[in-house]
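First comes the structure, then the notes that go with it.
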Amino acid sequence: MDADAKDGKDPKETERLRVGAAVRRRRRALDLTLASVAERSGLSVPFLSQIENDRARPSVRSLEKVADALETTTVRLIAASDAARTVAVVRADRDGPPAVPRARRLVRGRHQLEALEFSGEHDTEGEFQHRNDELMYIADGTVEVEAEGRAYRLGRGDTLFLSGGVRHRWRASGHETRILVVTVAEHIETPPGAGG
């Protein structure tokens, strides 16, 4: 039995109040800090942070206070939250020949997470320096990476984490190579000291 149902609450009602992403986007659009929203709403900074990270579900009254502080309505926050919830499947391209180098987006649209799959031979032919964190996973083959003046040779099953700001380049040789690169999207601002 669902915990919310045991407490006599409507699970759909509780689920609808997971509005963290919508609250964060609205706060940033108004160029407000958590402290200023806390001051406007009368709620604490830690509680607001928990709401934004979906670690706390606000009551209807708390959500009204947040909405007022953000110069919007609870209805708009909930609608923005529902619109932000996405479940998407990107099917494997089983028709393409494996020997042809290609890059394929694994997450479509504008989200906090970006993911690409590279297959075949690739050479970045230049350095990258991303504002936010990046993770590279080698599914097959080998990859040579140069990061911050050091060279790394990665093989199947290896991962490489690069914090935001690290200069790097990479090269994959061999048609069997498959690499998964996952990043925090460039349009997402990460707070100082949080990896980006």
Scanning segment 178-196 for residues that are in a loop (DSSP other than H, G, I, E, B) and either over 29 Å from T33 (Cα atoms) or open to solvent by less than 50 Å² (accessible area, probe 1.4 Å) (or both), the one modelled with the highest pLDDT turns out to be A185
Please find, within segment 146-172, the residue that is nearest to N132 (Cα to Cα) out of those that are of a type in the set (G, A, S) and surrounded by 16 or more Cβ atoms within 10 Å (Cβ to Cβ).
G164
Would you check if A99 is at pLDDT below 75 and touching a helix residue (DSSP H, G or I) at 6+ places or on another chain (Cβ under 7 Å)?
no
Go over the candidates A35, A80, A29 one by one and state the one that is at pLDDT 85 or above, small (G, A, S) and under 21 Å from Q112 (Cα atoms).
A29
Enumeration of residues in segment 47-61 that are open to solvent by less than 20 Å² (accessible area, probe 1.4 Å) and assigned to a helix (DSSP H, G or I):
L48, I51, E52
Please find, among H175, H130, H122, the residue that is open to solvent by 30 Å² or more (accessible area, probe 1.4 Å) and under 20 Å from the mean Cα position of the chain (by Cα).
H130
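The values are calculated or read from the model by the stated rules, or taken from the named source; none is laboratory data. Please read all numbers here as calculations on a predicted model, not as lab measurements. Counting neighbours? That spans all protein chains shown, and the Cβs are built from the backbone with ideal geometry, glycine included. Please note that ligands, DNA and RNA were not included when accessible areas were found on the heavy atoms of the full protein model with its side chains. Shrake-Rupley method; radii C 1.70, N 1.55, O 1.52, S 1.80 Å.
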